[in-house]
Amino acid sequence: MRGYAMLKIGESGWIEKDKPELGPLDALVKPLAVAICTSDVHTLWEGAIGDRHNMILGHEACGEVVEVGACVKDFKPGDKVLVPAITPDWNSLEAQAGYSMHSGGMLAGWKFSNFKDGVFGEFFHVNDADGNLALLPENINPVDACMLSDMVPTGFHGVELADVQFGDTVLVIGIGPVGLMSVAGAALRGASRIIAVGTRPKCVEVAKGYGAGEFISYKDGPIADQVLELTNGEGVDRVVVAGGGCDTFIDAVKALKPGGKIGNVNYLGNGDYIKIPRVEWGVGMGHKDIRGGLMPGGRLRMEKLGSLVSSGRLDVAPLATHVFHGWDHLEEALFLMRDKPADLIKPVVVID
Ligand code: NAD
Ligand code: ZN
């Protein structure tokens, strides 16, 4: 089979590989559509997960089951499926402890284009198929289905980590596709006021549609100062971090009310430490929680998030700004994600 692979850090191209072998619990899936992620850019060009040789890229897809292992009960060839970016081992102790995304080690639930070949190939392997796949609802098209792999579950996880409650004022830092889903998730959870950090006109337009009412720019000075000005010096109840770097936490803590919570889903690519401002953290006693997490995957999660889209409660269509048809456009879509033109949110490739 053919797959689009990372040859080494900074180099990619099409390669030939054997079809993945299936264990008794696994499934072989053929992509119906794949989406490119900021993480693919981090992996390939920034060496975020270290060097990988001839590893097929990609972790966002929906597909059709081609073959299943002998012990798979609920899926059969021909089923169209949602596929989460994170595919835990559900019988692991970490999953039993409630942290399936860390099954097999910290962050090790992330397998596609990390510990094994990803989804940018003619076929891909899904471990623990009954635990990880979900049937694709008939009224969700393949482009929208790709947004359910990572963007919806990650953006929403930021909202879960920040524990957004009815009536909260929520600050969402970074409104790329993940942050946009955090805006949508915060609105669904009942936030009364959503302040977003971001200025790209396309992202601002989409964020408004999802419920953000006020916008600030990190280029206009410290985020915290601008938030405190907007909130009469009080700050916000919750912060979701979906962009920025290690120093973003200084602003997040400063912008937060006592008793507030920060939910981070942003990947911190450099720096050794995260600084917490001592005084604004209540000199250690401010009840300002800082939490960060990898998105949860798995079938139940996919079914629930899928039902939000199929019922019309969540419209993910505005995220897919660039839709291509055919594998021949995969590289173009990947390079587009690296170069991030102003009107881009997510590139998706439909495999017709
Ligand atoms: P993105 O690059 O499109 O969005 C990040 C946004 O943050 C951009 O709009 C950028 O302008 C903004 N930004 C940059 N510097 C900033 C600063 N100093 N302050 C505030 N905003 C700033 O990326 P994305 O696809 O939306 O993903 C967001 C992050 O989530 C990435 O780091 C990605 O790797 C990570 N991610 C995490 C998970 C997870 O499971 N936790 C899953 C997928 C992606
Ligand atoms: Zn992704």
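Worth pointing out:
- Cubic angstrom per residue, convex hull over Cα atoms of the chain: 129 Å³
- Summed over qualifying helices (DSSP H, 4 residues or more, each -39500 (n - 2.57)) and divided by its residue number, the chain shows a 222 nm mean residue ellipticity of -7500 deg cm²/dmol.
- Taking the range 253-352 and dividing mean pair separation by its residue count, relative contact order in percent (alpha carbons under 8 Å, at least six apart): 23 percent
- Extended-chain gain in nm, criterion 0.36 nm per residue less alpha-carbon gap, Arg278 and Ala342: 19.3 nm
- Placing a label point 7 Å from the Cα of Asp74 along the Cα-to-Cβ direction, the residues of the range 26-46 with a backbone N closer than 16 Å are 26-27.
- The chain - charge dipole about Cα centre, Lys and Arg +1 at Cβ, Asp and Glu -1, debye rounded to 20: 660 debye
- Along its three principal directions, the equivalent ellipsoid of the range 154-292 from the Cα gyration tensor extends over semi-axes of 20, 16, 15 Å, largest first.
- C-alpha center-to-center spacing [the range 255-311, the range 1-76] in angstrom: 28 Å
- Sites Thr199 and Lys116 - FRET efficiency at Förster radius 51 Å, r taken between beta-carbons, to 0.05: 0.85
- Pairwise label distance in nanometres, Phe166 with Tyr267, each label 7 Å out on the Cα-Cβ vector: 3.8 nm
- Site pair Asn54 and Leu188 shows an inter-label distance of 4.1 nm when each label is modelled 7 Å from Cα along Cα→Cβ.
- Here's the picture: a label point sits 7 Å out from the Cα of Ser217 along the beta-carbon direction, and within the range 175-200 the residues with their amide nitrogen under 14 Å of it are 197-200.
- Annotation: peptides 339-346, 128-135, 97-104, ranked by per-residue average of other Cβ atoms within 10 Å with the highest first, follow the order 128-135, 97-104, 339-346.
- Cβ-Cβ distance of Asp352 and Asp18, R₀ of 30 Å, FRET efficiency by 1/(1 + (r/R0)^6): the value works out to about 0.75.
- In a DSSP loop and with at most 12 other Cβ atoms within 10 Å, the GluC sites (Glu not before Pro) in the range 1-93 are Glu21.
- Potential extension, Asp130-Leu107 segment - 0.36 nm per residue separation minus Cα distance: 6.2 nm
- Percentage relative contact order, the chain, counting C-alpha pairs under 8 Å, at least six apart: 18 percent
A short reminder: the numbers here are calculations on the coordinates, not readings from a lab. Computed from a predicted structure; not experimentally measured. Cβ coordinates were reconstructed from backbone atoms using ideal geometry, including for glycine residues, and neighbour counts include every protein chain displayed.
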